[in-house]
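Peer 1: I'd like to ask you about the structure that follows.
No lab work stands behind these numbers, since they all come straight from the coordinates. As the structure is a computational prediction, the values presented were derived from the model and not from experiment. Counting neighbours? That spans all protein chains shown, and the Cβs are built from the backbone with ideal geometry, glycine included.
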Amino acid sequence: MRKLSKKGNMNERIDVTLRKFRSRMTSYPPGMCPLALYRSLLQISMNQSCGKCIPCREGLMEVDWMLKSILNGDAAEDTLERLEYKCRMIAGTADCAVGVVGATLILDSLSEFADEYESHIKKRRCVENVTQTIPCVTLCPAHVDVPGYIAMIKEGDYEGAVKVIRDRNPFPTACAMVCEHPCESKCRRSLVDEAINIRGLKKYAVDSANADTVPAPKRNVSTGKKVAVVGGGPSGLTAAYFLGLMGHEVVVYEEHQKLGGMLRYGIPEYRLPKERLDQDIKAILDSGDIKVRYGTKIGKDVSVEELKKEYDAMYIGIGAQIGNRMPMENADAKNVIPAADFLQKIAHGEKMDLTGRKVVLIGGGNVAMDAARTAVRLNAETIHVFTRKRDDYTALMSEMIGAMQEGVRFRSFLNFLNIETDKDTNEVRAVWLQPEIVGEYDEYGMLTTEHSSDYPYRFKCDLLILGVGQRSDSEAFEKAGIPVNRGRILADETCTVKDMEGVFSGGDCVTGPSTAINAIAAGQVAAYNIDEYLGYHHKVHLEASIPPALPNPCVPTGRAEIMEKDPFERRENFDFVELPFTYEEAMREAGRCLRCDHYGCGVMEGGRGE
């Protein structure tokens, strides 16, 4: 008689355990010793071994013993050589993937962290500055004191929370709306249940205390130094904010008639209402001796040489606002437009009715999602997003889900071949797509593709939007002698431009298209380094007191999510789509914070711009 397996219940309990273990893996804190991490991953392979083959059963144990000796500072000079030999032997002779993957993992670590291995063997310790840090603070590019402002929210001091945020980031409102919240990715609350909704709490703070009503820190006495800031986007205005507080006179040169850069001209109204952005900008301009020259293009209205003569230092934060076109025939045809240019046209008030038109969008980043969801609101009949592989979808999952809910259709594994146009009008009529199949992973762990045996096919469209990146308008700077490589200004991690005295640069014009918070971080770093260059060492003092940390009982509690309007309602207009937290939601969410600035990671340390 056949019976049901008694292992079913056991496997279910193991699955529950593995789900809990997965949260431990995702919340590994930044700054921990990578060799300890690799050893723990190796031990997973050891636990999975069936024990049938000697290379896996015995070999992985020997590798683990050698790693333990390295971590303990007991390894000999030849340990690394023996470790590599052992791993290569296991990878080449083990019967199954358990041994092969475990050994390959350690081989990868030998190349990725050669300096760490060398330090452990020769100095008997980790390389300098390897220590567990507060995950949310470390992973915020601007190093905002996240536990601090969450504690302020919990106390009901929303003005104080805004002050804490602005201690590092003068765009609390804009980031509350559009930040990609990398601070949440390794939140230690994941050990208990789920990461804290940090962006949601920030949004609750700025909804409760408008940024332009919260007084800025007291400005330092005037230094008599003048700094030119080229570009009034998030990076340039951040630099201007901190330099102004330090007592320097700042003049911002902005090509457009309004400040904000891509926050204003690249992010649609339904994600970032411009009156809310203006609250941040007003607070920045009121913080110090900051003047703005609107409608001024460098290289046309004023030269780089003039700025260098007139000012004691210069910061270039021009962003990357020019949309890329693909190098193929008909890429400049009518109704073919880069996503960044498409969004800027709408932001400038250009009327565009897409009623009855079929829209195709190539690309899967956040700018592409913004363009697709904007096309929805312009009443397009259909919007299809095509990418070559799944890895090309780099947009936030929430943005992709929002687009799907609003009717945008997605397809992957399609290679974009060419553009078909009408011979008489030169308007796009269709795109030709080649089906792809999956291939091997490359050295960076990214999926590769190759052509399928299926034939290319024609896909009709009336508007083709190219979401394939942006570039900076750096030509005038290059002509003036500023070092530029492939459109990007050459500057180091201190934002100092190579071989240019008193010239600094940061943000998208240095790194290529990135996020608003990365641009803000660059402006902050540049401001403190410009201040040092001018001969000072100013500090901006936080005029708020962080509440003391209290123990958290670590009771598993659900995460409060930011709710949105119904998709059928929000697709009808450009109104802001997110709904505010209730008081109860905010208090419960703030109460979930484990205060890692006091518990588990030690007291937060480090200077500005780190």
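Peer 1: Provide the per-residue ³J(HN,Hα) series for segment 486-500, in order, calculated from phi with Karplus coefficients 6.51, -1.76, 1.60 and θ = phi - 60°, each as a whole number of Hz, with x at glycine and proline positions.
Peer 2: Residue by residue, segment 486-500 yields 6, x, 10, 6, 8, 9, 8, 5, 8, 6, 7, 6, 4, 6, 10 Hz.
Peer 1: Placing +1 at every Lys and Arg Cβ and -1 at every Asp and Glu Cβ, with all other atoms neutral, what dipole size does segment 429-537 have around its Cα centre, in debye to the nearest 20?
Peer 2: In debye, rounded to 20, segment 429-537 gives about 560.
Peer 1: Something else about it: Round to the nearest 0.05 the FRET efficiency obtained for C554 and E310 when R0 = 56 Å and r is the Cβ-Cβ distance.
Peer 2: Values: r = 58 Å, r/R0 = 1.03.
Using R0 = 56 Å, I get an efficiency of 0.45.
Peer 1: Which whole-Hz ³J(HN,Hα) couplings does segment 317-332 yield from phi under the Karplus relation 6.51 cos²θ - 1.76 cosθ + 1.60, θ = phi - 60°, glycine and proline marked x?
Peer 2: Each residue of segment 317-332 in turn: x, 7, x, 9, 9, 9, x, 7, 10, 7, x, 8, 4, 6, 5, 9 Hz.
Peer 1: Okay, next question. Under the 0.36 nm per residue contour assumption, what length would be gained going from the current alpha-carbon distance of D74 and K282 to full extension?
Peer 2: Stretched fully, the D74-K282 segment lengthens by 68.9 nm.
Peer 1: Can you give me the orientation-averaged projected area of the convex hull built on the Cα atoms of the chain, in nm²?
Peer 2: For the chain, the mean projected area of the Cα convex hull comes to 34.6 nm².
Peer 1: Right, next: Which three numbers, in whole Å and largest first, are the semi-axes of the equivalent ellipsoid of segment 301-350 derived from its Cα gyration tensor as √(5λ)?
Peer 2: Each semi-axis is √(5λ); the values are 33, 15, 10 Å.
Peer 1: Calculate the tail of P(r) for segment 339-421: the fraction of all Cα-Cα distances greater than 16 Å, expressed in %.
Peer 2: 51 percent
Peer 1: Show the residues, 5+ positions off or on another chain, whose built amide H is closer than 5 Å to the amide H of Q470.
Peer 2: Those qualifying (amide H under 5 Å, at least 5 residues apart or on another chain) are N324.
Peer 1: If you plug each phi of segment 170-176 into the Karplus form 6.51 cos²θ - 1.76 cosθ + 1.60 with θ = phi - 60°, what whole-Hz ³J(HN,Hα) values come out, in order, with x for Gly and Pro?
Peer 2: Running phi through 6.51 cos²θ - 1.76 cosθ + 1.60 with θ = phi - 60° gives x, 10, x, 6, 4, 5, 5 Hz.
Peer 1: If you don't mind, another one. What is the set of long-range amide H partners of V252 at a cut-off below 5 Å, with H atoms built 1.01 Å from backbone N?
Peer 2: V229, K291, V292, R293
Peer 1: A follow-up question, please. Throw me the Rg/Rh for segment 478-552, computed over C-alpha atoms with Kirkwood Rh, two decimals.
Peer 2: Over the Cα atoms of segment 478-552, Rg/Rh equals 1.16.
Peer 1: Right, here's the next one. So what does the Cα-only Debye profile of segment 6-112 read at q = 0.10, 0.12, 0.20, 0.21 Å⁻¹, as log10 I(q)/I(0), no solvent term?
Peer 2: -0.33, -0.46, -1.06, -1.12
Peer 1: Could you list which residues have their amide H under 5 Å from that of A430, counting only those 5 or more apart in sequence or on another chain, with H placed in the peptide plane?
Peer 2: Hits under the 5 Å cutoff: E420, C461.
Peer 1: Which lysines does K154 reach when only Cα atoms under 24 Å apart count, and residues fewer than 8 places away in its own chain are ignored?
Peer 2: K163, K186, K202, K203
Peer 1: Related question: For segment 181-334, what are Rg and Dmax over the alpha carbons, in angstrom?
Peer 2: Both quantities, over Cα of segment 181-334: 19.2, 58 Å.
Peer 1: Considering the dipole of segment 404-485 built from charges on the beta carbon (Lys and Arg +1, Asp and Glu -1) around the Cα centre, which of S453, G407, Q470 is farthest to its positive end?
Peer 2: G407
Peer 1: Over segment 446-497, consider all pairs of different Cα atoms and compute the Kirkwood hydrodynamic radius from their mean reciprocal separation; express it in Å, one decimal.
Peer 2: Averaging 1/r across every pair of different Cα atoms and inverting gives 15.7 Å.
Peer 1: Which order do the peptides 36-42, 184-190 come out in when sorted by mean C-beta neighbours inside 10 angstrom, highest first?
Peer 2: Answer by packing, highest mean first, reads 184-190, 36-42.
Peer 1: Still on this structure: So if I average 1/r over every pair of distinct C-alpha atoms in segment 250-337 and take the inverse, what Kirkwood radius in Å does that give?
Peer 2: Hydrodynamic radius (Kirkwood, Cα only) of segment 250-337 equals 15.7 Å.
Peer 1: Using only the Cα atoms of segment 265-398, construct the convex hull and provide its projected area averaged over every direction, in square nanometres to one decimal.
Peer 2: Averaged projected area of segment 265-398's Cα convex hull equals 11.7 nm².
Peer 1: While we're on this one: Hey, what number do you get for the chain at 222 nm if only DSSP H runs of n ≥ 4 count, each worth -39500 (n - 2.57), divided across all residues, to the nearest 500?
Peer 2: The helix contribution divided over the chain gives -11500 deg cm²/dmol.
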